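Any read-out appearing in this document is the output of simple, stated calculations on the displayed coordinates, not a laboratory observation. What you are looking at is a predicted structure, and each value in this text was computed from that prediction instead of being measured. Methodologically, a virtual Cβ is constructed for each residue, glycine included, from the backbone with ideal geometry; neighbour enumeration extends over all protein chains shown.
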Amino acid sequence: MSKKITIKWSSQAKKTGQKFAVISCYDYTSALLAAKCPIEMLLVGDSAAQFMLGFESTKDVPVDYMLNITAAVSRAAPNLLIIADMPYQASVSAIEQIVKYTQRFINEGGADIVKIEATKNDIETIRTVADAKVPVMAHIGIRPQSENFAAQATTAETAVKLIALAKQMVEAGSAMLLLEGIAEQAAAIITKSVNVPVISCGSGPGCDGQVLILPDILGLTDGPKPKFSKSFANVGDACVEAISSYAQQVKKGLFPDDAHCYHMKPGEAEKLNAILK
Ligand code: KIV
């Protein structure tokens, strides 16, 4: 069994320049598959709202659902670093309640760190969670919970602000950072100027690690995708083919065949017929 990936491990990876790969996934079976790959971290993202529950917005995902899927992913991949995503419905609570939710993601969800979408208004939240000894990761840049999907830090002026915000998050106790949709030049500067590991979600190659969501990597869904997302296979087509073969075999009476049926013990079918006569 390989060694558990920890936040300490990722700090060491940052120091030595070893890049790490992160996947956002939402269930036990996918996490088992991911754990067979050279992946270091699993993020149980609130994008589950769209990909698992069919909601329009990440804001709609229930907190208990996120807790349950975080626990499922942790059970599948105990040796990977598990990042819980603090859902919107928990983030809008009072600060004491936010701390309690983050503790539940660690204690019940089995997560190693809790990611919180944050602006300058949330610096005290990050500080309070960190002071409560809950490992916390500030997620800055595009924040899907705010429903603003425009690329960030695309001008010098906005980049300066975002670089300052990243430093403030780390000063407040953020043990790692996630940068989403930030211009690569600014993201690279942030990564160099903070001493904590930085994960890029569409923020270019200069960060310490990269995250993509599993449905995009596998090519499971059609429709528009963010500029930064990339499919590495077309598993969606393979799924449609497999499900269609099953349906056709059912319709033609070819499935189930003898190999996929249980049978009565020898002589018992004849006995049953005699009883029923
Ligand atoms: O919800 C999610 O999957 C995320 C991303 C950063 C990929 O937060």
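Points to keep in mind about this one:
- Measuring against 27 Å, Cα to Cα, the residue pairs LYS100/LYS230; LYS192/LYS227; LYS36/LYS230; LYS36/LYS167 contain LYS100/LYS230; LYS36/LYS167 as the ones spanning a longer distance.
- Residues whose amide H lies under 5 Å from that of ARG143, counting only those 5 or more places away or on a different chain, are ASN148; hydrogens are built 1.01 Å from N in the peptide plane.
- The slack in the chain from ALA21 to CYS37, taken as 0.36 nm per residue of separation less the alpha-carbon distance, amounts to 4.8 nm.
- FRET efficiency for the GLU124 to ALA242 pair, using the beta carbon distance and R₀ = 41 Å, is estimated at 0.20.
- Gain in span if fully extended, LYS227 to ASN79, counting 0.36 nm per residue against the direct Cα distance: 50.2 nm
- Considering only the chain, percent of DSSP beta bridges that pair antiparallel, nearest 5: 5
- Computed about the Cα centre, the dipole magnitude for the stretch 7-233 is approximately 680 debye when only Lys and Arg (+1) and Asp and Glu (-1) carry charge, each at its Cβ.
- For the stretch 64-138, the Cα gyration tensor yields ellipsoid semi-axes of 21, 12, 10 Å (square root of five times each eigenvalue, largest first, whole Å).
- Share of pairwise Cα separations in the chain, more than 34 Å, in percent: 26
- Part-to-part distance (alpha-carbon centres) for the stretch 1-41 and the stretch 78-134, which is given in Å: 20
- Proportion of all alpha-carbon pairs of the stretch 78-235 beyond 27 Å (%): 23
- FRET E, pair ILE275, LEU254, Förster distance 25 Å, beta-carbon r, rounded to 0.05: 0.20
- C-alpha long axis of helix 184-193 to longest principal axis of the chain, angle in °: 70
- Note on the chain: helix-only mean residue ellipticity at 222 nm, from DSSP H runs of 4+ residues weighted -39500 (n - 2.57) and normalised by residue number, equals -12500 deg cm²/dmol.
- Helix 7-16 axis, angle to the chain major axis (alpha carbon atoms, nearest 10°): 60
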